[in-house]
Amino acid sequence: LVPLVLLSVCKNPCMNRFEELTNLIKTIRNAMKIRDMSKCLEEFEQLCRAFLKSKTIVDKEGVPPFYIRLLADLEDYLNQLWEDKEGKKKMNKNNAKALSTLRQKIRKYNRDYETEITSYKEVRLFTTTQNGRFLRRCLKIKKNVHITLTNKERTYDLHLKNLDIHYETLVSDKPGSEAERHTSEKKKEDRKKRHRRKERLEEEAEEEAQEEGEGEWEKVKGGVPLVKGNLKMFAKGTEINTTVVVKKLNEILQARGKKGTDRAAQIELLHALANISNENNLGEGILVKIKFNIIASLYDYNPNLAAFMKADMWKTCLDCIDELLDILFNNNNIFIGENIAEDSENLAITDSQPFRVRGCILTLVERMDEEFTKIMQNTDPHSQEYVDNLKDEGRVCGIIDRLLGYLETKGSTEEVCRVYLRRIMHTYYKFDYKAHRRALGLQGETKSEQDAEESEGEDSAFIMDRLCKFIYAKDRTDRIRTCAILCHIYHHALHSRWYQARDLMLMSHLQDNIQHADPPVQILYNRTMVQLGICAFRQGMIKDAHNALLDIQSSGRAKELLGQGLLMRNMQERNAEQEKIEKRRQVPFHMHINLELLECVYLVSAMLLEIPYMAAHEFDARRRMISKQFHHQLRVGERQPLLGPPESMREHVVAASKSMKMGDWRTCHSFIINEKMNSKVWDLFPETQCVREMLVRKIQEESLRTYLFTYSSVYDSISMETLNEMFELELPTVHSIISKMIINEELMASLDQPTQTVVMHRTEPTSLQNMALQLAEKLGGLVENNERIFDLKQGVYGGYFNRG
């Protein structure tokens, strides 16, 4: 029966799957031997995917022991490498980065198998040396086994439940010499004696201190006491009052910022001190002061400016700020401010005088907002972790709103303006879908439905208007007012309020001196101009859209100018410190503007302007380009050796431009609006259908203009009804377009109203005449240049009056 059992097991699909896992594990272990962390990371990701594919088999059979063994060994190995600082320094950049990534992944991944890994570590056998014998150890594991037995006549399926499987392990007991064993035992005894002597000395010193009334001895690490609790923080029998707690608080804070200070222990001590203050009812004044210092210590936990708060520290910080605001809202007799000197603080409970505490709650909230931005900047935007972190923005905005309500009653005008700007910065880039739906369906709603929607919350437009206008009127600093104006314009443009946004930009005159602003304000200005251009495009104002986007797109550095990333080609121009500074200025991913949408809007605007202009000035030697980037894309398309169907967004625009140049608006329309372009660009707009209809209309009108410019010399006259049918435009629209062209002297023709005909005046030169005119202009320019050079060399009149 044994060969039949083996045959059935080999044919089992789970064996093939487990064979793939074992091969991957073997590769990982080989990479571990040579410290190839990049290979380990790559193979571990493949292993996780392969294990996920075998999930159905694992649910029946259980997690394989070899898989658990690898997870435990790999985690121990990575922790060992992480603690080896010298080894980490010798690693190259890729291996060090892979080590950090793999360590985080394995820690998260092993949480699902924590029980199995713990069990494995408990029964893991280590090699010991003793008496030169091999001991046979046995592990017994219960497991369900399925066996298929096959002979010539029948097939038997056996299901064995809770089968005891024995694993035997040989443990080497090879001994060292008797002298070595004796030496090691003696060392252990010496260590125990020294430890007992040390404990006895500490106990004696502690008893002497208590007898003299000097308090207990405290264990310290790096200058900060580590032991916590009421009995350990103060000597036995000490009366807990405000003076004693303030003295202990100052002792803890003296170690703040010093080298070797254990910051985590310092935060724990401050929390313990706050609990002692609560237990002894010392009042809200001392509690507010301790809370201020707890939040400041949380901010100082990472001395590096580029580092961001860990998840537990971030949650603790939010909780502490909420608790601090609760205390301030519930107690009107607490006054806080930066101008209050420490000598004039009043922290004790008195009937007559209110509490006075030195501190600034606005500074703490501003720092919290900056920490939230750093967390979002340093999180992978395509991970679930980014989504989880982004959910905290609601809580951050809630804290800012609470502070706003507090400062409106007790804060100065400057503080109110600062907190208003913080609220604006969390509002200006968000599209208000509720207000948008309300505007679209306003006519069909009843009054009760409108009232119900209004009770849900104020529209963001009203919030922005109220906050910004307060800053315009009260703020004395140019920076806050400039930021508020830019955010207000951005919000108007985002919600298609083109005229309000344009008028506010023109009245502010920001474009005149924005180059003198600091880089974050310049980035905000660039983002506002881009949003203004996109808004103009949605409204069908193609020329305004092109002018707004021209500076950003012509630079070729849109990604960098909008604060959405750094360009690799400029890496050599900046050092490591400058790179860190620029990374801190980057905008979080959820605030990004789609760069492909931006480029498409710019190229389509350039196409609608440039193609009719090229057709009108085909033989003009002094013709200037409207958009250099658009012409560059046309040249790239012309250099293609093989013209196939367009794939990228740029290729679609180039193909549409060639069709428009021939006056074929239907083909142009099919290249600009199709399923691929809809998914990439047009579906990203809130009013998708309106944008598509506007584009079709513009393509028809500009194709008509291009057709008349290109083929007017061929016609003696042409009926407007014919043009109406060709371009599917209404007769008044065709009449209007041709009239404007005649008035602007772009088309030499006249309108015959009774017959609805355009009569061409043959004043346009032929192609041969155009070429002759170009040659004459070039020859004239050449003669002028020669005469100018001759005069510079010889002087006026050949230098006649300079003789003698």
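The values are calculated or read from the model by the stated rules, or taken from the named source; none is laboratory data. It should be emphasised that the depicted structure is a prediction, and the values quoted were computed from it without experimental measurement. Cβ: placed from backbone, ideal geometry, glycine included. Neighbour counts: every protein chain shown.
If I filter the stretch 390-399 for residues that are among the hydrophobic types (A, V, I, L, M, F, W, C), under 20 Å from Lys291 (Cβ atoms) and buried (at least 16 other Cβ atoms within 10 Å of the Cβ), do I get at least one hit?
Yes, some residue in the stretch 390-399 is among the hydrophobic types (A, V, I, L, M, F, W, C), under 20 Å from Lys291 (Cβ atoms) and buried (at least 16 other Cβ atoms within 10 Å of the Cβ).
Cβ-Cβ below 8 Å, separation at least six or inter-chain, first residue in the stretch 24-53 and assigned by TED's automatic domain parsing to the domain that holds Tyr113, second hydroxyl-bearing (Ser, Thr, Tyr) and in a helix (DSSP H, G or I): which pairs?
Pairs that qualify, where the first residue is assigned by TED's automatic domain parsing to the domain that holds Tyr113 and the partner is hydroxyl-bearing (Ser, Thr, Tyr) and in a helix (DSSP H, G or I), are Ile25/Tyr67; Met32/Tyr77; Lys39/Thr27; Leu41/Thr101; Glu43/Thr27; Cys48/Tyr109; Phe51/Tyr67.
Report yes if some residue within the stretch 94-110 is of a type in the set (D, E, K, R) and at pLDDT below 85; otherwise report no.
No; the residues of the stretch 94-110 include none that is of a type in the set (D, E, K, R) and at pLDDT below 85.
Restricting to the stretch 659-688, count the residues that are surrounded by fewer than 18 Cβ atoms within 10 Å (Cβ to Cβ) and either at pLDDT 95 or above or assigned to a helix (DSSP H, G or I) (or both).
11
Just give me the residues in the stretch 397-434 being of a type in the set (A, V, I, L, M) and without any contact (Cβ under 8 Å) to a residue 40 or more places away in the chain, in sequence order.
Ile400, Leu404
Tell me whether the stretch 707-726 contains one or more residues that are surrounded by 16 or more Cβ atoms within 10 Å (Cβ to Cβ), touching a Cys at 6+ places or on another chain (Cβ under 6 Å), more than 30 Å from Leu775 (Cα to Cα) and not assigned by TED's automatic domain parsing to the domain that holds Gln553.
No: the stretch 707-726 contains no residue that is surrounded by 16 or more Cβ atoms within 10 Å (Cβ to Cβ), touching a Cys at 6+ places or on another chain (Cβ under 6 Å), more than 30 Å from Leu775 (Cα to Cα) and not assigned by TED's automatic domain parsing to the domain that holds Gln553.
Quick one: which residue in Ile290, Ile334 is touching a Leu at 6+ places or on another chain (Cβ under 7 Å), modelled with pLDDT of 85 or more, hydrophobic (A, V, I, L, M, F, W, C) and surrounded by 21 or more Cβ atoms within 10 Å (Cβ to Cβ)?
Ile290
Which is without any contact (Cβ under 8 Å) to a residue 60 or more places away in the chain and crowded, with 16+ Cβ neighbours inside 10 Å, of Glu599, Glu577?
Glu599
What number of residues within the stretch 588-620 are over 19 Å from Arg692 (Cα atoms), touching a helix residue (DSSP H, G or I) at 6+ places or on another chain (Cβ under 7 Å) and part of a loop (DSSP other than H, G, I, E, B)?
Of the residues in that region, 3 qualify.
Can you tell me which residues in the stretch 493-503 are buried (at least 20 other Cβ atoms within 10 Å of the Cβ) and either of a type in the set (A, V, I, L, M) or without any contact (Cβ under 8 Å) to a residue 40 or more places away in the chain (or both)?
Ala493, Leu494, Ala501
Could you please let me know if Ser739 is in contact (Cβ under 8 Å) with a residue 12 or more places away in the chain and within 54 Å of the chain's Cα centre (by Cα)?
Yes.
Could you tell me how many of the residues in the stretch 214-252 are within 40 Å of the chain's Cα centre (by Cα), modelled with pLDDT of 50 or more and surrounded by 15 or more Cβ atoms within 10 Å (Cβ to Cβ)?
2
For the stretch 125-136, state whether one or more residues are outside the structural domain of Arg35 (by TED's automatic domain parsing), of a type in the set (Lys, Arg) and either within 28 Å of Glu19 (Cβ to Cβ) or modelled with pLDDT under 75 (or both).
Yes, the stretch 125-136 has at least one match.
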